[in-house]
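Report on the structure given below.
The values are calculated or read from the model by the stated rules, or taken from the named source; none is laboratory data. Everything numeric here is computed off the predicted structure, so don't read it as measured data. Heads up, the Cβs are rebuilt from the backbone with ideal geometry, glycines too, and the neighbour counts pull from every protein chain shown.
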Amino acid sequence: MAALFAGRVLLTDRQRERLDSERELSRALDNRVLLLYFGRARCPRCRRFVPLLRRFFVRLTDPRHVVRAAQLALLYVSCDGSEEEQGAFLRTLPRRCLALPFADAFKRELELRFAVAEVPTVVVLKPSGEVITANAVEEIQRAGPACFQNWQEAAELVDRNFLLAEDFDNWSRRSITDPIRRLKYKVDEKEEEEEEEEGEELS
C-alpha cells in the first residue's frame, strides 16, 4: 500500500507530524486495510458521519479497547476549500488519521481513480491497492466495527495471531500502569472532545 503514496508526504497527529520516508510510509500503511475518507468540513452529512467513523476506528485500533490494534489505517482525502477548513476538520477525526497536505494535487487523482461522486465516501482498499468496497459509509453505519472482519478476510492480511515481543512488553507494562494509563486517556479524551467542538464551530 505504501507504493500508492511513494514519494509523497502524509500528515498525522492532526498535521503536527509528517511521514515522508519509505520506512515511515511502510510502517503506517503496509499489510493494512486502508480507509480513504473523502469529505469536507462544510458538508453537513460529512460532519454527522465523523463521530460514527471516529468511534469505529477507535474501537478497532485504540489500546483502551483492544489488546492488539486491528490492521487498519484511515486517511482523510480533503475536498475542503481551504487549508484552514482541512485543519479544522482533521481536529474532529482520530489523532492517528493520516492526511495528504492540502496543496497536494494527488487528492484529485484519488477522486478520479476511485470514481468518487459524493461525500462522504469511504473507499476500502486491500494492501495491494485493490478495492474491497467502493463506499463503505452505509456498511459502517449499519454494522459498525463488525464489518472489519469481512474486510480483513477479503484483504487476505497476514494475521498477527501471536504476540510480538513489543506487544508482550506493552501488555505487561499496561497491567502495572493501568490506573495511570486510564487517567491519561480520560484527559486525552476530554481534550479531543474540546478540539472536536472547536472544529465543528470553525466548519
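Applying the criterion of at least 2 residues that are basic (Lys, Arg) to the helices (runs of 4 or more DSSP H) found wholly in the range 1-114 leaves 22-29, 44-61, 106-113. Selection of the range 96-121 for residues being of a type in the set (D, E, K, R) and either surrounded by fewer than 17 Cβ atoms within 10 Å (Cβ to Cβ) or more than 17 Å from the chain's Cα centre (by Cα) (or both) yields Asp104, Arg108, Glu109, Glu111, Arg113, Glu118. What about Glu83, is it exposed (fewer than 14 other Cβ atoms within 10 Å of the Cβ) and in contact (Cβ under 8 Å) with a residue 12 or more places away in the chain? Spelling it out, Glu83 is indeed exposed (fewer than 14 other Cβ atoms within 10 Å of the Cβ) and in contact (Cβ under 8 Å) with a residue 12 or more places away in the chain. Annotation: of all residues in the range 5-24 being aliphatic (A, V, I, L, M) and modelled with pLDDT of 95 or more, the one that is farthest from Cys79 (Cα to Cα) is Leu19. Can you confirm whether Gly144 is part of a loop (DSSP other than H, G, I, E, B), at pLDDT 95 or above and of a type outside the set (Val, Ile, Thr)? So Gly144 fails the test.
When Arg54, Arg113, Arg42 are checked against the criterion of being farther than 21 Å from Lys126 by Cα and at pLDDT 95 or above, a single residue qualifies: Arg42. Just for the range 116-141: of the residues that are part of a loop (DSSP other than H, G, I, E, B) and among the β-branched types (Val, Ile, Thr), which one is nearest to Cys46 (Cα to Cα)? That would be Val119.
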